[in-house]
Amino acid sequence: GGWARIATVINSEKSKRTNPTLILDAGDFLMGSLFHMVAREEGLELRLMKEMGYDVVTLGNHEFVLMPHGLARILTSAYQKGGMPEIVFLNAIFSQGSSEDDTLEEVFKKGLVKPYIVKQIQGIRIGFYGILGNDAAEVSPFARPVKFRDPIDISREMVKILREKEKVDMVICLSHRGIKEDKSLSEDDRLAREVPGIDIIVSGHTHKKLKTPLKVNQTIIVHAGAFGEYVGVLDLSYENGKVKLKGYRLVEINDSIPG
């Protein structure tokens, strides 16, 4: 894997297309490398992702490893020192009885992290929002005292806002919930079943390498593994008010790709 090879693949795939391209991530882009040693001071990963062309990302459980104050510092540093992709995150609940998450709450209030965004691309209005799943919340002990609203309930509310208030043509959920072989534990399958109106779920957290997209009702679900081992490439068309799958593949990030 590696950032430099991923950047090469992003540039290559964008150059092959005359239509617009969006670069998205479903969370867990922090921690796990030496970059995190200077994350609070430099916001390095987010600045790299901005430079690489990422458009919209959400937060995963690993983004909370340095606790709310640490994440607040990372976001502030990235914003001040070069910028970052747009970040959407919907289901954080900040504590009214503890000051330990106040700095992160302030960062959210400033708009460095938004509950959702809408982009208009070639006349198509696309709404994006991001959520953390139940399993991911359970393995986020350092997020305390931040808690997380039920992703299904809040997704229903958000889809209604995007469809009825914002009048979007397409809804994309960046979901740090994931998919599993055991359907009873597979959170993004359930999200697609129980929340109509989501066109695309970019799934994360469970490290699943989906070679073909899942189609649940009218929702397309993709998941491109973990640790920068793959880049998922999803081609869509929007015709007569419908989102249609035109193509999908995983690009393996290995040493055949120059950085």
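The values are calculated or read from the model by the stated rules, or taken from the named source; none is laboratory data. As the structure is a prediction and not an experimental result, all values here were calculated from the model. Cβ: placed from backbone, ideal geometry, glycine included. Neighbour counts: every protein chain shown. All accessible areas refer to the heavy atoms of the entire protein, side chains included, with ligands and DNA or RNA removed. Shrake-Rupley method; radii C 1.70, N 1.55, O 1.52, S 1.80 Å.
Residues in the range 20-50 that are more than 15 Å from SER77 (Cα to Cα), in contact (Cβ under 8 Å) with a residue 24 or more places away in the chain and either more than 17 Å from the chain's Cα centre (by Cα) or open to solvent by 70 Å² or more (accessible area, probe 1.4 Å) (or both): PRO20, GLY32. Does LEU90 fit the bill of being aliphatic (A, V, I, L, M) and part of a loop (DSSP other than H, G, I, E, B)? Yes; evaluated as a whole, the condition is true for this residue. All of (1) open to solvent by less than 20 Å² (accessible area, probe 1.4 Å); (2) more than 30 Å from GLU239 (Cβ to Cβ); (3) of a type outside the set (S, T, N, Q) hold for GLU138 with one exception: (1).
Looking across the range 94-122 at every residue that is part of a strand (DSSP E or B) and basic (Lys, Arg), the one that is nearest to GLY70 (Cα to Cα) is identified as LYS114. Return a yes/no flag: does the range 209-221 have any residue that is touching a Phe, Trp or Tyr at 6+ places or on another chain (Cβ under 7 Å), surrounded by fewer than 13 Cβ atoms within 10 Å (Cβ to Cβ) and of a type in the set (Val, Ile, Thr). There is at least one residue in the range 209-221 that is touching a Phe, Trp or Tyr at 6+ places or on another chain (Cβ under 7 Å), surrounded by fewer than 13 Cβ atoms within 10 Å (Cβ to Cβ) and of a type in the set (Val, Ile, Thr). The residue that is farthest from GLN80 (Cα to Cα), counting only those in the range 40-55 that are assigned to a helix (DSSP H, G or I) and of a type outside the set (Asp, Glu), is MET52.
Remark: ALA26 matches the filter, which requires a residue to be within 23 Å of ASP199 (Cα to Cα) and in contact with a Ser or Thr (Cβ under 8 Å, 6 or more places away or on another chain). Once the range 69-88 is narrowed to residues that are within 25 Å of SER203 (Cβ to Cβ) and in contact with a helix residue (DSSP H, G or I) (Cβ under 9 Å, 6 or more places away or on another chain), the residue that is most open to solvent (accessible area, probe 1.4 Å) is MET84. Among residues belonging to the range 110-123 that are out of contact with any Pro (no Cβ under 8 Å at 6 or more places or on another chain) and open to solvent by 40 Å² or more (accessible area, probe 1.4 Å), point out the one that is modelled with the lowest pLDDT. Filtering first and then ranking leaves GLY123. Restricting the range 21-40 to residues that are under 22 Å from SER203 (Cα atoms) and among the charged types (D, E, K, R) leaves a set whose member that is modelled with the lowest pLDDT is ASP28. If you go through the range 124-159 and keep only what is farther than 24 Å from SER186 by Cβ and in a helix (DSSP H, G or I), you end up with just PHE142.
If you filter the range 198-223 down to residues that are of a type in the set (Ser, Thr, Tyr) and in a loop (DSSP other than H, G, I, E, B), you find that the one that is farthest from the chain's Cα centre (by Cα) is THR212. Exactly one residue out of ASP102, ASP188, ASP182, ASP169 is without any contact (Cβ under 8 Å) to a residue 60 or more places away in the chain, open to solvent by less than 60 Å² (accessible area, probe 1.4 Å) and not small (Gly, Ala, Ser), and it is ASP188.
Consider the range 224-247 and keep the residues that are touching a residue at least 60 places away in the same chain (Cβ under 8 Å), out of contact with any Phe, Trp or Tyr (no Cβ under 9 Å at 6 or more places or on another chain) and not in a strand (DSSP E or B). The one that is most open to solvent (accessible area, probe 1.4 Å) is PHE227.
Take the conditions (1) of a type in the set (D, E, K, R); (2) closer than 26 Å to LYS242 by Cβ; (3) open to solvent by 70 Å² or more (accessible area, probe 1.4 Å); (4) in contact with a strand residue (DSSP E or B) (Cβ under 9 Å, 6 or more places away or on another chain); ARG177 misses just one of them, which is (3).
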